[in-house]
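Here is the structure we will look at.
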Amino acid sequence: MLGFPTQKQYLIAPLFLIVIMLLLEVTKPLSMQWLGFIPTDIEKGEVWRIITGQVLHTNFNHVLLNMAGIVLIWALHGEYYDTKHYTLAVLSSLLLVGIGLLFFAEYRSYAGLSGILHSLIVYGGVIDIKRHDKTGWLLLIGVLAKVLYEMIIGPTKYTEELIQAGVAVEAHLIGCIVGLIMGFTYLYVYRTNKH
């Protein structure tokens, strides 16, 4: 449901995430050096990079695109997420998508929040469906069709030029899978708590 939940409990966590993204952008290259998602460094024990590297971006345009994604998710599903729920969902996504990237993608480095954004859109779509909002099905079908298109045809050249890097379509796919896992976990917990 498209809405604008402007109460404090729905704004704090998304705004905090945006502030972190901006701070990491203005502190580059140091932030990239110490926090970047670099698989060889993660394998050497710098496991924090699994999470922190996804909050870094290739350039300011990349940050703006991901900020727009955060705002879109807030507009679509913001009322689902109080501060605690949003923080848990984002941290779970960061961890699971990061592990997925580490084991199932072959990047020398990775930056960007798009895998997380895909997981949150899918997760919100599952909650929509549980709440009998038919747009949840449209959202899931649309996101999955987009990711399949990217996997088969490839991402748009415009986006690659804008972010000055290749679009990590594997991160989008992993994000969708993580979103489904989180959605089914949500449904299970809801059903368990109901009985």
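Take the residues of the stretch 1-51 that are polar (S, T, N, Q) and surrounded by 12 or more Cβ atoms within 10 Å (Cβ to Cβ): which is nearest to Thr135 (Cα to Cα)?
In this case the residue turns out to be Gln9.
Matching residues to (1) open to solvent by less than 40 Å² (accessible area, probe 1.4 Å); (2) part of a helix (DSSP H, G or I):
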{"position": "Glu106", "(1), (2)": "no, no"}
{"position": "Ile116", "(1), (2)": "yes, yes"}
{"position": "Ser119", "(1), (2)": "yes, yes"}
{"position": "Val126", "(1), (2)": "yes, yes"}
{"position": "Gly136", "(1), (2)": "yes, yes"}
{"position": "Leu144", "(1), (2)": "no, yes"}
{"position": "Leu148", "(1), (2)": "no, yes"}
{"position": "Pro155", "(1), (2)": "yes, no"}
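Selection within the stretch 52-84: residues that are modelled with pLDDT under 95 and part of a loop (DSSP other than H, G, I, E, B). The member of this set that is most open to solvent (accessible area, probe 1.4 Å) is Asp82.
Counting only residues that are open to solvent by 50 Å² or more (accessible area, probe 1.4 Å) and hydroxyl-bearing (Ser, Thr, Tyr), which one in the stretch 157-185 is nearest to Phe37 (Cα to Cα)?
Taking the candidates together, the pick is Tyr158.
The values are calculated or read from the model by the stated rules, or taken from the named source; none is laboratory data. The model shown is predicted, which means the values in this text are computed figures rather than measured ones. Cβ: placed from backbone, ideal geometry, glycine included. Neighbour counts: every protein chain shown. Each accessible area value is taken on the protein alone, full model and side chains, heavy atoms only, with ligands, DNA and RNA left out. Shrake-Rupley method; radii C 1.70, N 1.55, O 1.52, S 1.80 Å.
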